[in-house]
Amino acid sequence: MYTPKPYAEAELATLHEGMRAWSFATLVTVGPAGASATHLPFLLDARDGEAGLLTTHLARKNPQLEDLRAGREALVIFQGPHAFITPSWYVKQSTFPTWNYTAIHARGTPRVIEERMAIHAVLRRTVAVYDTPLRAECAGSWDFDVMPFDFVAPRLDMIAAVEIPVQSLEGKFKLNQDRSEEDRRGVIAALERLGEPQGVAVARMMRERMETATSA
């Protein structure tokens with residue numbers, strides 16, 4: 001990922017926070033058939049290894065599984081909030097439009113898990129992270145753990161789990177760091193005024209970074 005120095009983010013805790021927040025990510029591999037990509041939910045174990053361990057699951061019928069079984073390097077792309085930025089929001093407007101965005105790239109050698117009960121454990125963890133919190137908020141009544149195993153077992157045989165120990169981690173948070181404080185405040189105000197969710201999220205990240213730099 002091309003990352004000019006002002007946009008580079010190397011703080012591990014910040015990267016892990018982004019990976020959790022943007023956890024429906026893109027798994028990319030390159031094999032004999034060329035490049036493959038699958039969009040999947042990922043779990044992060046931050047304390048496993050120096051940079052963490054990623055876990056997901058996918059259909060056994062997915063051709064990309066062969067790349068994973070072969071142990072070819074995998075790239076997982078976490079895409080954060082993004083927004084178009086017009087020079088109209090700057091004080092100094094002698095420049096061009098750009099795009100503010102956040103992204104994290106994680107690389108590692110995958111390990112495929114095909115044992116039924118190990119896959120079941122991955123699904124239970126996935127449900128605990130994504131579904132269980134919703135039950136408290138919206139009075140949901142579905143419960144994976146009470147489903148008869150005979151009903152669950154056929155589904156387990158249709159998927160494989162994948163672990164990717166993170167061997168390298170790159171973060172790019174392009175948030176107008178190369179513009180003046182006046183220009184950045186103009187962007188924040190405009191994005192908040194427009195009210196588009198992605199833009200509001202970008203504005204929040206810009207504001208947080210400016211406040212952190214001021215208090216440092």
task: Tell me which residues, restricted to region 152-197, are touching a strand residue (DSSP E or B) at 6+ places or on another chain (Cβ under 8 Å), of a type outside the set (D, E, K, R) and under 21 Å from PRO87 (Cβ atoms).
output: PHE173, LEU175, ASN176, VAL187, LEU191
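Residues are listed down the side, and each one gets a yes or a no for (1) surrounded by fewer than 19 Cβ atoms within 10 Å (Cβ to Cβ); (2) at negative phi; (3) aliphatic (A, V, I, L, M):
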{"residue": "LEU12", "(1), (2), (3)": "yes, yes, yes"}
{"residue": "LEU53", "(1), (2), (3)": "yes, yes, yes"}
{"residue": "LEU58", "(1), (2), (3)": "yes, yes, yes"}
{"residue": "PRO63", "(1), (2), (3)": "yes, yes, no"}
{"residue": "VAL76", "(1), (2), (3)": "no, yes, yes"}
query: List, please: which pairs have Cβ atoms under 6 Å, are six or more places apart or on different chains, and start with a residue in region 96-120 that is without any contact (Cβ under 8 Å) to a residue 60 or more places away in the chain and at negative phi and end with one that is open to solvent by 30 Å² or more (accessible area, probe 1.4 Å) and part of a strand (DSSP E or B)?
result: ARG111/GLU163
- prompt: Within region 192-210, is there a residue that is more than 18 Å from MET19 (Cβ to Cβ), open to solvent by less than 20 Å² (accessible area, probe 1.4 Å), touching a Gly at 6+ places or on another chain (Cβ under 8 Å) and aliphatic (A, V, I, L, M)?
  reply: no
task: For residues that are open to solvent by less than 50 Å² (accessible area, probe 1.4 Å) and outside any helix (DSSP H, G or I), scanning just region 112-144, find the one that is modelled with the lowest pLDDT.
output: GLY140
- line: Checked against (1) surrounded by 14 or more Cβ atoms within 10 Å (Cβ to Cβ); (2) over 18 Å from the mean Cα position of the chain (by Cα); (3) not acidic (Asp, Glu), ASN100 satisfies every condition except (2)
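Looking only at residues in region 145-183 that are assigned to a helix (DSSP H, G or I) and among the charged types (D, E, K, R), which one is surrounded by the most Cβ atoms within 10 Å (Cβ to Cβ)?
First pass over region 145-183, keeping only residues assigned to a helix (DSSP H, G or I): 145-146, 149-156, 181-183.
Going one step further and asking which of them are among the charged types (D, E, K, R), we end up with 145, 150, 155, 181-183.
Values: ASP145: 9, ASP150: 7, ARG155: 12, GLU181: 12, GLU182: 11, ASP183: 19.
The extreme case among them is ASP183.
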task: Filter region 23-44 down to residues that are over 16 Å from the mean Cα position of the chain (by Cα) and outside any strand (DSSP E or B) and give me whichever is surrounded by the most Cβ atoms within 10 Å (Cβ to Cβ).
output: ALA33
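The values are calculated or read from the model by the stated rules, or taken from the named source; none is laboratory data. Keep in mind that this is a model prediction, so the values were computed, not measured. Cβ sites come from the backbone with ideal geometry, for glycine too, and all protein chains shown count toward neighbours. To get the accessible areas, we keep the full protein, side chains included, count just its heavy atoms, and leave off ligands, DNA and RNA. Shrake-Rupley method; radii C 1.70, N 1.55, O 1.52, S 1.80 Å.
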